[in-house]
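One structure is given below, encoded as structure tokens.
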Amino acid sequence: MGELRALLSFVVVVSLAAAPVSAACWEPDEYEAARMRDLQTMLMVSALKCGRAMPEMPLAYNKWVARERSQLLEGEKLLVSHFVREGDKLRYDKFTTALANRYSELSDDLRFCKRAKALLEADEKQNGVLSSVVAIINAKPNGVELMCPTKAQSSVIVVSPFAPLPTATTDAAATPVETVAAPAQAEPAAPAAAAAQAPSAPSAMAAETTDAGTSQP
């Protein structure tokens, strides 16, 4: 592991090479994809440029690509979507080409080839260790400047469409119904009582007839 750390210290210096800066901010997953693409470009250039002096380099690089194929493909999709979001898909080609050109300039150094070869060998021996230490290799990927602000997480209540619905019995038991008494109303007087309270018209007429009969001579 000590040898790998020494190799990483060299690669970190190499990865400071300038690359075209993207105008749009980078989401975390896009940032990680840029790290991986930077590493892939460095190893690809080393396989192409160093293959004559080190014939085993192209094969070692192809094996590494096979091990990391799914991650590399997913990372490429993220990078393309980033530049599409920026408004210029062609910048993706410029971005990757600038990386390759810059590492090509560094490949003239014999140390670059030796250390790239050692990285590929270490990755094969330690079962894909490079993808797990890519953040150390490229603390700040080339061409990446502005990270997007962290989005505040909002609380979302999700109700499953398969949740059981409450039954009518459950609702009635859980929510007692308060009964309110209706205001009392005066009962209508009975017919007999009403007749006793008001004198009848025939009785009054009979009294007048009796008085008239007694007054005659």
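The values are calculated or read from the model by the stated rules, or taken from the named source; none is laboratory data. The structure displayed is predicted, hence computed values, not measured ones. Cβ sites come from the backbone with ideal geometry, for glycine too, and all protein chains shown count toward neighbours.
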task = Kindly list the number of the only condition in (1) of a type outside the set (Phe, Trp, Tyr); (2) surrounded by 21 or more Cβ atoms within 10 Å (Cβ to Cβ); (3) touching a residue at least 60 places away in the same chain (Cβ under 8 Å) that fails for GLN40.
result = (3)
Hey, ASP123 assigned to a loop (DSSP other than H, G, I, E, B), at pLDDT 50 or above and of a type in the set (Asp, Glu) or not = no
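I need the full set of residues from the stretch 52-73 which are among the small types (Gly, Ala, Ser), over 14 Å from SER131 (Cβ atoms) and without any contact (Cβ under 8 Å) to a residue 12 or more places away in the chain, in order please.
None - no residue of the stretch 52-73 is among the small types (Gly, Ala, Ser), over 14 Å from SER131 (Cβ atoms) and without any contact (Cβ under 8 Å) to a residue 12 or more places away in the chain, so the list stays empty.
Determine which member of the set SER81, SER46 is under 20 Å from ASN142 (Cβ atoms), more than 35 Å from the chain's Cα centre (by Cα) and of a type in the set (Ser, Thr, Tyr).
SER46
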key: Failed criterion for SER70 (all others in (1) over 29 Å from ARG115 (Cα atoms); (2) within 24 Å of the chain's Cα centre (by Cα) hold)   = (1)
query = Consider ASP108 against the criteria (1) closer than 16 Å to VAL45 by Cβ; (2) in a helix (DSSP H, G or I): it satisfies all of them except one. Which criterion is unmet?
reply = (2)
key: Considering residues of the stretch 84-117 that are among the small types (Gly, Ala, Ser) and closer than 22 Å to LYS140 by Cα only, the residue surrounded by the most Cβ atoms within 10 Å (Cβ to Cβ)   = ALA116
note = Contact list, first residue from the stretch 96-112 and within 17 Å of ARG37 (Cα to Cα), second anywhere and part of a helix (DSSP H, G or I) and of a type in the set (Lys, Arg), beta-carbon distance below 9 Å, six or more apart or interchain, is THR96/ARG37; LEU99/ARG37; TYR103/LYS49; SER104/LYS49
key: Positions within the stretch 115-132 being more than 19 Å from ARG35 (Cβ to Cβ) and in contact (Cβ under 8 Å) with a residue 60 or more places away in the chain, in sequence order   = LYS117, ALA118, GLU121, GLU124
query = Any residue in the stretch 69-80 that is among the hydroxyl-bearing types (Ser, Thr, Tyr) and crowded, with 18+ Cβ neighbours inside 10 Å?
reply = no
